[in-house]
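Please treat every number below as a calculation from the coordinates, not as lab data. Everything numeric here is computed off the predicted structure, so don't read it as measured data. Neighbour counts run over all protein chains shown; Cβ positions are idealised from the backbone, glycine included.
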Amino acid sequence: MRGEGGGGPDGRLHGRLEPLNKVTRMRSNLGMGLVLMASTVMVAQAPLIKPGLWEMTTVRNSGDGSPLKGKARICVAAADREKIVRPDMPNIPGCTLNVAKGTRGYTFDLTCTGKMQWQGHGSTTIVDAEHIEQELGIEMVVNGATHRQVDRISYHFVSAECGAVKPGDRPQIVE
């Protein structure tokens with residue numbers, strides 16, 4: 001006998017078990033398909049961040065042994081959730097920003113030539129709906145001298161209510 005539950009030599013199930021096992025197999029296949037689809041969506045897309053009040057902590061290391069630290073708060077409207085995670089920069093002549101979207105955020109490269117000479121690479125990672133990590137390494141030439149700095153910014157969700165901080169406002173300095 002082949003198969004499970006008393007199948008015959010032809011592999012088919014016989015008797016009362018056949019309809020039950022067909023239903024079980026269909027449910028199993030459907031369940032597995034749903035698990036695979038959900039896994040694909042989870043891998044293919046970073047989670048949407050929550051709208052509301054966010055706090056960002058910045059640490060800038062210029063290699064001189066005294067990193068600069070700061071905290072600020074921003075309000076993120078539901079319609080603007082992508083803006084906080086997608087790298088952007090003002091339109092500066094001679095500067096380009098190349099952005100690539102990944103499964104958990106973005107990577108980006110920036111280059112400025114002319115008066116401002118910069119080269120940088122960074123990443124934004126959406127850890128979950130309440131946490132974002134960003135890192136940017138920049139090399140710049142100022143008055144003929146090369147300077148390097150690394151910025152690390154951690155964002156965390158504070159609350160659904162923004163209080164005095166409004167969407168689109170400049171970041172409100174906390175410390």
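Each 10 Å bin from zero up to the one holding the largest Cα-Cα distance in the range 52-173 carries the following percent of pairs: 12, 38, 36, 13, 1. Loop-only check: which GluC sites (Glu not before Pro) in the range 56-164 are DSSP coil with at most 14 other Cβ within 10 angstrom? Answer in residue order: Glu161. Projecting the Cα atoms of Cys162, Gly144, Val127 onto the dipole axis of the range 123-175, where Lys and Arg carry +1 and Asp and Glu carry -1 at the beta carbon, places Gly144 farthest toward the positive end. Annotation: extensible slack from Glu175 through Thr111 equals 20.0 nm (criterion: 0.36 nm per residue apart, minus Cα-Cα distance).
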